[in-house]
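Novice: The structure that follows is given in the form of structure tokens.
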Amino acid sequence: MKGQNKLFIAIIVSLILGVAIGGLVHLQYPESAEPFSKNIKLLGTIFIRLVQMIIAPLVFTTLVVGIAKMSDIKMIGRVGSKAMLWFISASLVSLFIGLILVNWLEPGHVTKLPIQDAASAEELLKSSKGFSMEDFVKHVVPKSIFEAFATNEVLQIVVFSIMFGVALANLGDEYAQPVIKLFDVIAHAILKMVGYIMWFAPLGVLGAIAAVVATNGFEIFKVYAIYLRDFFFAIAVLWLVLLIVGYLILGNRLFDLLKRIKSPLLIAFSTTSSEAVFPKLVEELERFGCNNRVVSFILPLGYSFNLDGSMMYMTFASIFIAQIYGIEMSIGQQITMLLVLMLTSKGIAGVPRASLVIIVATCSMFGIPPEGIALILPIDHFCDMARSMTNVLGNALATSAVSKWEGQLENHGGDM
């Protein structure tokens with residue numbers, strides 16, 4: 001754990017340095033803020049790309065090995081159904097918390113913001129115009145596994161991996177064992193790479209934070225103080241609910257889990273990407289004691305189906321935009337919106353701003369001006385920090401809970 005503590009401290013120092021350097025540039029050299037942000041952001045880009053480089057092979061190898069080692073199709077079905085039960089329940093709870101709190105706190109009614117030009121939201125508007133059930137199906141079912149690998153389409157890789165793993169499990173040991181052994185070695189080699197890549201995380205954090213503070217300065221916190229205050233309160237309520245459920249299932253081991261995942265939580269918070277910590281989360285959950293077959297099966301699914309922070313944000317942000325424009329929505333309309341978000345959000349990647357595209361598409365469906373997304377774009381980075389961190393917590397709890405339900409949660413670390 002000594003290395004973990006060093007990494008954690010390095011990330012905290014980088015976070016503070018990033019705010020200080022970004023603030024200095026914004027206050028003292030405002031004319032250089034834009035080029036500075038563009039250049040220093042490259043540190044974050046390098047870190048994210050290094051992580052993205054290993055996502056596809058890691059998901060594929062760990063999931064195939066996990067399913068093939070289960071060999072018992074009934075066990076795959078049992079674990080999968082328990083995971084989906086958690087995912088659906090957690091998603092509904094997250095959406096409802098966002099819906100209830102945005103109606104209670106009414107940040108859109110008390111915050112007097114100028115209606116901004118929609119130019120900053122143009123790219124998001126374009127990417128959401130083609131949203132349909134057909135696009136959703138195409139997003140889930142791979143046309144080519146090589147294309148899915150090339151574009152890091154996690155959900156498509158999951159679909160192929162599950163089918164391949166089940167087929168491998170039914171081939172018999174003579175044929176299956178050499179392939180399983182090969183993939184197992186590859187998975188562990190990639191996990192070894194995780195250790196090297198994570199030492200780039202402090203630089204990534206420094207670059208990401210310095211860039212956003214240099215561009216927006218500290219004023220951004222004042223202008224959007226009410227929105228941020230209400231959103232972070234809502235996130236705190238969601239954390240409380242998740243931790244209470246986690247404690248009921250894991251007992252005192254919940255605190256061990258939180259110690260284990262502190263670095264992934266902080267990296268997700270700083271880089272605004274829950275995808276960036278996927279490899280590290282796999283490693284830490286196995287060390288915590290989760291069965292590696294359960295981890296390799298559930299965690300990739302969780303990244304497509306169990307983004308609790310993003311879920312809560314979708315209802316919160318959608319109703320906020322409606323409030324800003326003075327659009328009153330009935331309880332029936334809001335519940336319908338919640339169910340639409342529940343369906344359309346499945347399969348969104350755990351990467352920055354993916355949820356904004358879903359919000360734009362949903363606003364269009366319900367007659368809320370989608371250009372309103374421009375209102376929250378300037379502070380979306382800070383909201384994304386909290387929701388990415390929450391996504392990581394939700395997936396860690398889901399994996400640990402299913403391991404416990406399966407009677408396969410070890411007390412002294414899992415098998416690596």
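Novice: Please report, in whole Å, how far the alpha carbons of region 27-110 spread along each principal axis, starting with the longest.
Specialist: If we take the Cα atoms of region 27-110, the spans are 64, 42, 11 Å.
Novice: Moving on. Quote to one decimal, in nm, the extra length available between Ser89 and Leu42 on full extension: 0.36 nm per residue of separation minus the C-alpha distance between them.
Specialist: Length gained, Ser89 through Leu42: 13.1 nm.
Novice: Of Lys74/Lys181; Lys6/Lys69; Lys74/Lys143; Lys74/Lys138; Lys41/Lys259, which pairs sit farther than 32 Å apart, going by alpha carbon to alpha carbon?
Specialist: Lys6/Lys69
Novice: Per Stokes-Einstein, at 20 °C and 1.002 mPa s, what whole-number D in µm² s⁻¹ belongs to region 147-294, with the Kirkwood radius over Cα pairs as the hydrodynamic radius?
Specialist: For these conditions, the coefficient is 113 µm²/s.
Novice: Apply the Karplus parameterisation 6.51 cos²θ - 1.76 cosθ + 1.60, with θ equal to phi minus 60°, to every residue of region 389-402 and state each ³J(HN,Hα) to the nearest whole Hz, in sequence, with x for glycine and proline.
Specialist: 4, 5, 4, 5, 4, x, 6, 5, 5, 4, 5, 5, 5, 5
Novice: Here's something else I'd like to know. If you average the C-alpha positions of region 267-340 and of region 182-251 separately, how far apart do those two centres end up, in angstrom?
Specialist: Each part's Cα centre sits 12 Å from the other's.
Novice: If you don't mind, another one. If you plug each phi of region 80-96 into the Karplus form 6.51 cos²θ - 1.76 cosθ + 1.60 with θ = phi - 60°, what whole-Hz ³J(HN,Hα) values come out, in order, with x for Gly and Pro?
Specialist: Working through the residues one at a time gives x, 5, 5, 5, 5, 4, 4, 4, 5, 4, 5, 5, 5, 4, 4, 4, 5 Hz.
Novice: Another question, if that's okay. How much net charge surrounds Ala208 when only the other residues with a Cβ under 12 Å from the Cβ of Ala208 are counted, with Lys and Arg +1 and Asp and Glu -1?
Specialist: Once all neighbours under 12 Å are counted, the net charge is 0.
Novice: Quote the relative contact order of region 228-320 in percent (integer), defining contacts as alpha-carbon pairs under 8 Å separated by 6+ residues.
Specialist: So the answer I get is 25 percent.
Novice: Leaving ligands, DNA and RNA out of it, report the carbon-plus-sulfur percent of the accessible area of region 132-175 at a 1.4 Å probe.
Specialist: On region 132-175, the fraction of accessible area on carbon and sulfur atoms equals 67 percent.
Novice: Here is a further query. With every protein chain kept in place and ligands, DNA and RNA left out, what is the accessible area per residue of region 269-309? Probe 1.4 Å, answer in Å².
Specialist: Roughly 11 Å² per residue, with all protein chains present.
The values are calculated or read from the model by the stated rules, or taken from the named source; none is laboratory data. Remember, it's a predicted structure, so these values are computed and weren't measured experimentally. Positions of Cβ are generated from backbone atoms using ideal geometry, with glycine treated the same way; all protein chains shown enter the neighbour counts. Accessible surface areas use protein heavy atoms only, side chains included; no ligands, DNA or RNA. Shrake-Rupley method; radii C 1.70, N 1.55, O 1.52, S 1.80 Å.
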